[in-house]
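Accompanying notes for the structure given below.
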Amino acid sequence: MAILLCTYQGEKYLAEQLNSFFKQTYKNWTLYISDDHSTDSTRDIIGDFQKLYGSEKIIYMGQKNGFAAHFIDLTLNINVKEDYVAWSDQDDIWEEDKLDIAVNWLSHQSESKPAVFSSRTTLVDKNNKAIDLSPLFKKPKTFKNALVQNVGGGNTMVFNSAAKALLVSVPLARHTISHDWLMYQVVTGCGGVFHYEVKPLVRYRQHENNAVGMNISFRAKVSRLSKLLCGRYKKWNSVNIDVLKGIESQLLKNNQEVLNEFHHAKNCKGIGRLAHLKKSGVYRQHILENMVLYLACLFRKI
């Protein structure tokens, strides 16, 4: 198992996350850390853990730039021999059985087929006090969902070598909006397997410095829907389509058709947009979000 951890100004919570790795019931892992020009004590904390556990267990990789690109670069550039890869944020806490459960599921999947494990999270405050659980997504985890919604947080993802190889094959991967969203799209699009574990396995810390947070209040949900109607995701969808077009030949034939119909729904004129959207079959996980998706399409906001 290779754990890939990207850090930036992480001194406040990093040690707690590192400690959670060493408390894992699954012990056969190596940690690869890439730091994005931190100026606080992040590197000192990494150095202390290296001295304590050894530089073969914790490998410091150096500097990168940006959040999603940072994870993509680390994933694409490291030469790991491990069968499985896990992404990790710097400020979460892993439940002790996270890797055991993930590896158990992955070990039952074909090595030749891309496979990704993800899970729900327990949302906690800056003091690690539980706030709530992340949303429970009950609908199938397919390419039709992945085109318009990401259900798997990168901080929960563990994937096999075939999934990593698939990600490496994406020419424009570094231009993606979100590394975990891209993984969800390419794996489901190319006939891989995506598992969503309902048991929360990561304590996802919510604080003012989150690169990506998960506000679950009703007001926050309304705000996200309004941003969809205002076209916030229009640019994101355009970027995602451009990236996916780069591996279109690897997509299953029916998913190529889904991608093209969704592309037409974005770009054609008049009421025909809704027809193309319906034909594409794309969907979000909740009814209200699907209604807003169609309204956004009608007003050319997707």
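For the reader, a short list of remarks on this structure follows.
- Other-chain or far-sequence residues with amide H under 5 Å of Glu197's (modelled H): Ser118, Ser119, Arg120
- Here's the picture: charge each Lys and Arg Cβ at +1 and each Asp and Glu Cβ at -1 in region 96-216, and of Val148, Ala102, Tyr184 the one pushed furthest to the positive end of that dipole is Val148.
- Cβ-placed point charges (K, R +1; D, E -1), dipole of the chain about Cα centre in debye, nearest 20: 1700 debye
- Three-way shape call for region 1-96 based on the alpha-carbon gyration tensor, with the a/c threshold at 1.5: rounded
- Amide proton proximity set for Val124, modelled H, under 5 Å, gap of 5+: Ile131, Tyr204, Arg205, Gln206
- Span from the region 139-180 Cα centroid across to the region 244-302 one, whole angstrom: 18 Å
- Neighbours of Gly281, meaning other residues whose beta-carbon lies under 13 angstrom from its beta-carbon, give a summed charge of +3 when Lys and Arg score +1 and Asp and Glu score -1.
- Sorted peptide list for 6-16, 285-295, 147-157, 29-39, criterion being average Cβ within 10 angstrom, highest first: 147-157, 6-16, 29-39, 285-295
- One chain, two ends: Ser110 and Gln206. Fully extended at 0.36 nm per residue, the span grows by 31.0 nm beyond their Cα-Cα distance.
- Rounded to whole Hz, the Karplus (6.51, -1.76, 1.60) HN-Hα couplings of region 19-29, x for glycine and proline: 4, 5, 5, 6, 8, 4, 6, 8, 9, 8, 9
- With helices as the sole contributors, the chain gives -12500 deg cm²/dmol at 222 nm; each DSSP H run of n ≥ 4 counts as -39500 (n - 2.57), and the sum is divided by every residue.
- Amide H contacts of Tyr84 (H built 1.01 Å from N, in plane; Pro and chain starts excluded): Ala2 sit under 5 Å, all sequence-distant by 5 or more or on other chains.
- Secondary structure note: in the chain, about 30% of the DSSP beta bridges are antiparallel.
- Sites listed here are trypsin sites (Lys or Arg not before Pro) in region 242-302 whose DSSP assignment is loop and whose Cβ has at most 11 other Cβ atoms within 10 Å: Lys269.
Read the figures in this text as sums done on the coordinates, not as results from a lab. Computed from a prediction, not measured in an experiment: that's the story for all the values here. Ideal geometry is used to build each Cβ from the backbone, glycine not excepted, and the neighbour counts take in all protein chains shown.
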